[in-house]
Amino acid sequence: MALTPAVAAAEWARTEGDVDAWEEVAFDFAGEVVALLADHATSDGAASERDRQRIATVLRRIENEANNPLALADLAHEVAMSRYHFLRTFRQVVGVTPHQFILRTRLQNAAIALRLSVRPILDIALEAGFADLSTFNRRFRATMGMTPSTYRRAG
């Protein structure tokens, strides 16, 4: 029962076919299993000031480079943390996983571009870091409650 959220996240990542999400889910699942075996929660205590500063460094990088590929391992390496510790700390400090934050940042950038330009939606999606238009449309609609073209027209 305790692993149900992790199993649900794994199923979501499988259906999305998202490699970055899979990596996060794998580390999260491993952490949950270790926590169950150790009989304690994975989120004991607050993040240290040093860890919060590390996460702030990564947040700035994500905001500046969201349209580029950003692998969990690279982000963790940049701030000298293991992938598991980075993922756990990031979620503790920010409230979402790195992948979710990157996705939200990309969608926010795309929404701004949709309102401020007349460029084709495909160009905006690719520039924002999405690999294809269908993924962009699906995620945009799930987040914004409307398709990118409807969002553009509403502005």
remark   = Debye calc, one equal point scatterer per Cα of the range 59-145, no solvent, log10 I(q)/I(0) at q = 0.15 1/Å comes to -0.58
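For a quick check: sort Val58, Val96 by the number of other beta carbons within 10 angstrom, fewest at the front. Write down the numbers at each step before the final one.
Numbers: Val58 23, Val96 12.
Fewest-to-most ranking of Val58, Val96: Val96, Val58.
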key: Total charge dipole magnitude, the range 103-154, about the Cα centre, Cβ charges on Lys, Arg, Asp, Glu only, Debye to nearest 20   = 220
inquiry  = With bins 5 Å wide starting at 0, give me the P(r) of the range 103-154 over every alpha carbon pair, in whole percents.
reply    = 4, 25, 39, 26, 5, 0
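Values in this text are rule-based calculations from the coordinates and carry no lab data. Computed from a predicted model, the values in this text were never measured in an experiment. For neighbour counting, all protein chains shown are included, and Cβ atoms are generated from backbone atoms with ideal geometry for every residue, glycine included.
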